[in-house]
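The values are calculated or read from the model by the stated rules, or taken from the named source; none is laboratory data. Since this is a predicted model, take the numbers as computed values, not measurements. Methodologically, a virtual Cβ is constructed for each residue, glycine included, from the backbone with ideal geometry; neighbour enumeration extends over all protein chains shown.
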Amino acid sequence: MRLQQAGGAIKYFIVTGVSYSSPSTTLTLYGGTDYDLANSAIIEPYFSMAKTPYGFPLDEAKWRVESLVTSDSSQASPVAGTWYNKGVSLAVPIGRWKVEYAAELEVTRAAAGALDVFATLSTAANSEVNKETTTKIGISSDTSMKDP
């Protein structure tokens, strides 16, 4: 969607939702990193069914949604087979997005032996929804394998 607000510059948005309740239609818009709606009249609204209409800014950086966590968190007494959300969430607008994540994991264990650690992106706070977004790190303390 392209629009202009009274006295303002042209702005671009992705329509992420439409709802109707008589007598009004409400649009939910995502303006990426560059565009916000002001509390003023919308003039010259233009809609397109094209994925990228003429003039629409295609720079990925403008449409990025990200969350950066800089503090450490830990899980006291973790239970095998249990997923934990350490308070990080990200609202991704409706549509088709390239979603990536990076995580730094540190594991402290009390006993030797094999250990598998998993990280995943999920739509739920306490479960794995899609195995394609899960990363597994296997750790072994097998001392029979020695460097040559």
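Quick look at the values:
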| quantity | calculated |
| --- | --- |
| Flag for residue 57 being in contact with an Asp or Glu (Cβ under 8 Å, 6 or more places away or on another chain), free of Cβ contacts under 8 Å to residues at least 60 places away in the same chain and outside the structural domain of residue 125 (by TED's automatic domain parsing) | yes |
| Residue in the range 120-133 that is surrounded by 11 or more Cβ atoms within 10 Å (Cβ to Cβ), closer than 30 Å to residue 50 by Cβ, in contact with a strand residue (DSSP E or B) (Cβ under 6 Å, 6 or more places away or on another chain) and not basic (Lys, Arg) present | yes |
| Scope the range 40-69; condition within 17 Å of the chain's Cα centre (by Cα) and part of a loop (DSSP other than H, G, I, E, B); matching residues | 64, 65, 66, 67, 68, 69 |
| Options 146, 136; residue that is at pLDDT below 75, over 27 Å from residue 62 (Cα atoms) and either basic (Lys, Arg) or not in a loop (DSSP other than H, G, I, E, B) (or both) | 146 |
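Here's the yes/no breakdown for (1) more than 14 Å from the chain's Cα centre (by Cα); (2) β-branched (Val, Ile, Thr):
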| residue | (1), (2) |
| --- | --- |
| 71 | yes, no |
| 92 | no, yes |
| 109 | yes, no |
| 119 | yes, no |
| 125 | no, no |
| 131 | yes, no |
